[in-house]
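These notes concern the structure reproduced below.
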């Protein structure tokens with residue numbers, strides 16, 4: 001494969017950029033601890049496989065060419081982001097010894113991450129616009145090249161989000177205080193709502 005290193009650099013820069021996925025990982029780690037962020041991270045990574053698969057099929061072409069399909073997908077993603085924002089904004093401040101942490105199931109976190117990744121049409125367009133530049137479709141190895149890029153992107157998702165979760169855990173003591181916890185809820189919730197409104201107003 002040509003320019004694999006360039007693709008890796010672009011992927012790292014994209015994943016590192018602040019977005020709904022990064023915000024979900026940070027807030028989960030701060031509120032529920034490092035282990036509480038694992039489910040969401042796995043959901044985001046698995047969602048990457050689904051989105052990549054969609055982008056490689058006729059569904060991706062439909063989303064790219066149909067204004068109606070794009071609009072529906074866009075609003076579904078926007079509503080979900082706004083829902084997460086309102087839920088976080090209204091959430092109670094968690095103390096370090098709060099037993100609510102044990103009630104946060106990995107399935108719930110996984111589902112949140114999965115939905116977050118698969119309801120964002122921009123992710124589909126990322127794969128549809130970036131992947132073709134690194135895959136030679138005239139080659140017999142084009143499927144293996146595609147699979148390599150998807151696996152690379154998903155693994156980078158895991159590594160970078162785990163790093164974000166670890167760094168957020170380091171600041172958890174202060175951020176779980178009354179003042180810090182309130183800041184996390186308001187800033188995180190407001191940012192989710194901002195992303196949702198931004199997605200809703202985005203053009204194709």
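Say whether the condition of being loosely packed, with under 15 Cβ neighbours inside 10 Å and either more than 21 Å from residue 156 (Cβ to Cβ) or modelled with pLDDT under 75 (or both) is met by at least one residue in region 27-41.
Taking region 27-41 first, the residues loosely packed, with under 15 Cβ neighbours inside 10 Å are none.
No, that holds for no residue.
With (1) at pLDDT below 75; (2) in contact with a helix residue (DSSP H, G or I) (Cβ under 6 Å, 6 or more places away or on another chain) as the list, and residue 156 as the residue in question, which single condition is left unmet?
Single failed check for residue 156: (1).
Being surrounded by 15 or more Cβ atoms within 10 Å (Cβ to Cβ) and either over 14 Å from the mean Cα position of the chain (by Cα) or over 24 Å from residue 179 (Cα atoms) (or both) is the filter here; which residues of region 76-85 pass it? Please lay out each step first, then the result.
Filtering region 76-85 down to residues surrounded by 15 or more Cβ atoms within 10 Å (Cβ to Cβ) leaves 76-78, 80-82, 84-85.
Result: 76, 77, 78, 80, 81, 82, 85.
Just for region 91-106: of the residues that are part of a helix (DSSP H, G or I) and surrounded by fewer than 10 Cβ atoms within 10 Å (Cβ to Cβ), which one is modelled with the highest pLDDT?
Per the criteria, the residue is 103.
For residue 44, state whether it is crowded, with 22+ Cβ neighbours inside 10 Å and either at positive phi or within 11 Å of the chain's Cα centre (by Cα) (or both).
Values: crowded, with 22+ Cβ neighbours inside 10 Å: yes; either at positive phi or within 11 Å of the chain's Cα centre (by Cα) (or both): yes.
Yes: the conditions hold for residue 44.
Taking the conditions exactly as written (part of a helix (DSSP H, G or I) and either at pLDDT 65 or above or surrounded by 13 or more Cβ atoms within 10 Å (Cβ to Cβ) (or both)), does residue 135 satisfy them or not? Walk me through how you get there before you give the answer.
Numbers: part of a helix (DSSP H, G or I): no; either at pLDDT 65 or above or surrounded by 13 or more Cβ atoms within 10 Å (Cβ to Cβ) (or both): yes.
It is false that residue 135 is part of a helix (DSSP H, G or I) and either at pLDDT 65 or above or surrounded by 13 or more Cβ atoms within 10 Å (Cβ to Cβ) (or both).
So, of the residues in region 159-204 that are more than 17 Å from residue 28 (Cβ to Cβ) and surrounded by 18 or more Cβ atoms within 10 Å (Cβ to Cβ), which turns out to be modelled with the highest pLDDT?
Only one residue tops the list, namely 193.
Condition first: in contact with a helix residue (DSSP H, G or I) (Cβ under 9 Å, 6 or more places away or on another chain), modelled with pLDDT under 85 and not in a helix (DSSP H, G or I). Can you find one or more residues in region 67-90 that meet it?
No, every residue in region 67-90 fails to be in contact with a helix residue (DSSP H, G or I) (Cβ under 9 Å, 6 or more places away or on another chain), modelled with pLDDT under 85 and not in a helix (DSSP H, G or I).
The values are calculated or read from the model by the stated rules, or taken from the named source; none is laboratory data. Remember, it's a predicted structure, so these values are computed and weren't measured experimentally. Cβ coordinates were reconstructed from backbone atoms using ideal geometry, including for glycine residues, and neighbour counts include every protein chain displayed.
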